[in-house]
Amino acid sequence: MSSFEDLLADDGRVEPRDEMPDDYRRTLVRQIAQHAHSEIIGMQPEGNWISRAPSLRRKAILMAKVQDEAGHGLYLYAAAETLGVDREDLLDQLHTGRQKYSSIFNYPTLTWADVGAIGWLVDGAAIVNQVPLCRCSYGPYARAMIRVCKEESFHQRQGFEILHTLSHGTPAQRAMAQDAVDRYWWPALMMFGPPDADSPHSEQSMAWGIKRFSNDELRQRFIDMTVPQAEALGLTLPDPELRWNADRGHYDSGPIDFTELFEVIKGNGPCNAQRMAHRVRAHEDGAWVREAASAYAAKHAARTREGAA
Ligand SMILES: [Fe+2]
Ligand SMILES: [Fe+2]
């Protein structure tokens with residue numbers, strides 16, 4: 001047995017210098033890069049509301065949240081780089097459409113309540129997806145997830161609190177909260193990916209200890225966690241078939257229309273073009289910052305060399 005298989009059999013962590021099969025490395029690069037891209041593209045729908053948040057307190061909270069997402073992107077690009085790829089190259093693949101990001105960020109944020117629905121449902125689904133990744137077989141990815149998950153819990157709480165305030169406010173505020181939940185519920189469920197039967201990479205990822213639970217198991221966990229929270233908010237989830245099933249010990253739910261998800265993945269979601277154009281523009285506008293940082297690093301390295309000589 002190779003040392004890689006020994007490590008997996010032992011539930012150990014694979015570290016950057018350990019030998020690993022090429023496919024394992026490639027799968028991780030793809031997954032971590034896609035995760036990193038999702039964090040930074042995810043800044044856009046909410047960043048859009050920072051200047052319009054309804055109070056100074058809400059503005060400060062939202063700014064902190066959006067900055068956290070930038071930080072998550074940075075940890076994850078750094079984790080991907082431990083696998084021997086270059087961040088510039090990953091960003092280039094994002095900008096040219098060769099690597100993807102989560103489709104959830106291709107939906108628009110039409111009202112302030114959407115910021116609440118994103119925190120509660122989208123960050124909530126992200127937590128359910130990411131908590132098992134804290135035990136992922138690749139060490140740098142697993143360790144990055146520990147901090148990310150702590151921050152996601154705060155994001156989920158702030159979203160819940162926004163919706164709680166709105167749902168206990170005026171009838172118009174309550175209606176705005178309900179409308180946001182109506183629009184974000186199904187896309188949030190689709191964040192767990194296609195049903196297990198149509199999920200091509202899942203089996204291998206489970207065998208490698210990258211993935212610990214199937215898409216449908218995680219989706220069920222999210223539904224079970226969210227239904228009681230919706231009741232606490234006094235809001236309705238837009239699925240008439242949602243009901244407790246005592247035999248299974250889980251909530252039953254209605255069928256998900258995955259044709260919509262596949263359209264959004266293909267690039268036909270409401271905001272795909274806008275998100276990508278904004279990202280490319282931000283990257284170009286930031287070129288001088290990267291140049292200045294590299295020039296500074298080169299100067300600093302030269303000075304250290306002189307000092308050592
Ligand atoms: Fe995040
Ligand atoms: Fe988040």
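One table, with the values for the structure above:
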item	result
In degrees, nearest ten, helix 272-285 long axis to first principal axis of the chain (Cα)	40
For segment 68-217, fraction of C-alpha pairs farther apart than 21 Å, in %	54
Gained length - ARG98 relative to GLU241, 0.36 nm times residue gap less alpha-carbon distance	47.7 nm
Within segment 198-292: Cβ-based charge dipole about Cα centre, in debye rounded to nearest 20 (Lys, Arg +1; Asp, Glu -1)	420
In Å, descending, principal axis extents of the Cα set of the chain	73, 51, 32
Percentage, to the nearest whole number, of Cα pairs in segment 1-68 over 20 Å apart	53
Overall form of segment 160-223 per C-alpha gyration tensor (a/c, 1.5; a/b vs b/c)	prolate
Estimated 222 nm signal from helices in the chain, with DSSP H stretches of n ≥ 4 weighted -39500 (n - 2.57), rounded to 500	-20500 deg cm²/dmol
Packing-based order for 174-183, 46-55, 14-23, 242-251, using average beta carbon neighbours within 10 Å, highest first	174-183, 46-55, 14-23, 242-251
Segment 72-142: Cα Rg divided by the 2.2 N^0.38 Å rule of thumb	1.33
The chain: angle of helix 22-41 to the longest principal axis, Cα-based, in degrees nearest 10	60
Pair-distance profile P(r), taking every C-alpha pair of segment 189-309, with 5 angstrom steps and integer %	2, 8, 11, 12, 11, 11, 10, 8, 7, 6, 5, 4, 3, 1, 0
LYS299 paired with ARG281, simple spin-label distance in nm, labels 7 Å along Cα-to-beta-carbon	3.2
Separation of alpha-carbon centers, segment 79-97 and segment 231-304, rounded to whole Å	17
The chain, accessible surface, carbon-and-sulfur percent (1.4 angstrom probe)	56
Segment 245-308 - Debye-derived log10 I(q)/I(0), Cα point model, q = 0.27 Å⁻¹	-1.05
Charge-dipole axis of the chain as Lys and Arg at +1 and Asp and Glu at -1 on Cβ define it, positive-most pick from SER137, ILE32, ILE256	ILE32
Separation of alpha-carbon centers, segment 7-46 and segment 60-76, rounded to whole Å	20
Sequence-distant residues sharing a close amide H with TYR138 (under 5 Å, placed H)	VAL14
Label-point separation, ALA175 to ARG248 (7 Å along Cα→Cβ), nm	3.5
Packing-based order for 286-298, 123-135, 205-217, 84-96, using average beta carbon neighbours within 10 Å, highest first	123-135, 205-217, 84-96, 286-298
Reachable lysines from LYS100, criterion Cα separation under 29 angstrom, eight or more residues apart if same chain	LYS65, LYS150, LYS211, LYS266
Semi-axes of the equivalent ellipsoid for segment 43-90, Cα gyration tensor, largest first, Å	30, 10, 5
Segment GLU5-ASP182, length gained on full extension (0.36 nm per residue, minus Cα span)	59.2 nm
Rg(Cα) / (2.2 N^0.38 Å) computed for segment 102-149, rounded to two decimals	1.39
Under-5 Å amide H pairs with HIS250, H placed in peptide plane, nonlocal only	ASN245
Distance between modelled label sites at THR165 and GLU15, nm, 7 Å Cα→Cβ extension	4.6
Normalised per residue, the volume of the convex hull around the Cα set of segment 117-178 (Å³)	52
Helix 215-233 axis, angle to the chain major axis (alpha carbon atoms, nearest 10°)	50
Where only alpha carbons of segment 1-130 are counted, the Rg and the Dmax (Å)	17.7, 60
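The values are calculated or read from the model by the stated rules, or taken from the named source; none is laboratory data. These numbers were taken from a predicted model, which means no experiment stands behind them. Note that each Cβ is placed from the backbone with ideal geometry, even for glycine, and that neighbours are counted across all protein chains shown. Accessible surface is based on the protein model in full, side chains and every heavy atom, while ligands, DNA and RNA are left aside. Shrake-Rupley method; radii C 1.70, N 1.55, O 1.52, S 1.80 Å.
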